[in-house]
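For reference, the structure discussed in these notes is given below.
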């Protein structure tokens with residue numbers, strides 16, 4: 001029998017809460033398929049209505065996006081006290097941004113991490129949005145790691 005408290009409950013976010021978190025975020029991880037391989041890219045994001053928009057340059061990411069195959073984008077964060085975390089996943093279809101460029105005015109906290117010319121605007125039209133929020137567990141609840149090597153045998 002264990003004296004430790006049960007882990008905190010995970011709260012499933014409503015779509016409205018998911019969009020509030022996405023609106024507060026400016027970095028996401030874009031997951032897509034390039035050829036037969038999965039790829040993940042950090043992107044600077046902005047919400048426009050109920051979609052995500054980001055800039056990109058020519059290359060692997062843009063070539064994969066031009067296929068129109070579904071993508072996923074994850075953004076996450078934590079509260080000011082580092083006691084609660086959230087994660088939102090948006091799944092959708094990429095395409096060129098056709099909205100008003102004035103909707104993309106970036107504030108000072110929306111500067112891209114990597115410089116360079118990124119002249120292609122991509123919009124992800126969502127098919128599904130989901131999210132979770134939960135309290136941060138003390139490190140003693142999850143460290144040291146357990147040995148899961150036996151699970152990979154067989």
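Brief remarks follow.
- Qualifying residues in segment 29-38 (those that are part of a strand (DSSP E or B) and without any contact (Cβ under 8 Å) to a residue 12 or more places away in the chain) - the one nearest to the chain's Cα centre (by Cα): 38
- Of the strands (runs of 3 or more DSSP E) that lie entirely inside segment 39-135, those containing 2 or more residues that are farther than 16 Å from residue 26 by Cβ span 71-78, 84-96, 120-135.
- Options 47, 56: the member that is farther than 17 Å from residue 22 by Cβ and either surrounded by 13 or more Cβ atoms within 10 Å (Cβ to Cβ) or at pLDDT below 90 (or both): 56
- Yes/no for residue 80 being at pLDDT below 95, surrounded by fewer than 17 Cβ atoms within 10 Å (Cβ to Cβ), within 29 Å of residue 9 (Cα to Cα) and more than 16 Å from the chain's Cα centre (by Cα): yes
- The one condition in (1) touching a strand residue (DSSP E or B) at 6+ places or on another chain (Cβ under 7 Å); (2) modelled with pLDDT under 95; (3) under 17 Å from residue 131 (Cα atoms) that residue 42 fails to fulfil: (3)
- Which listed residue, of 11, 74, is under 22 Å from residue 137 (Cα atoms), surrounded by fewer than 18 Cβ atoms within 10 Å (Cβ to Cβ), at pLDDT 90 or above and under 10 Å from the mean Cα position of the chain (by Cα): 74
- With respect to being loosely packed, with under 15 Cβ neighbours inside 10 Å and at pLDDT 70 or above, residue 125 fits the description.
The values are calculated or read from the model by the stated rules, or taken from the named source; none is laboratory data. Please read all numbers here as calculations on a predicted model, not as lab measurements. All Cβ positions, glycine included, derive from the backbone under ideal geometry; neighbour counts span all protein chains shown.
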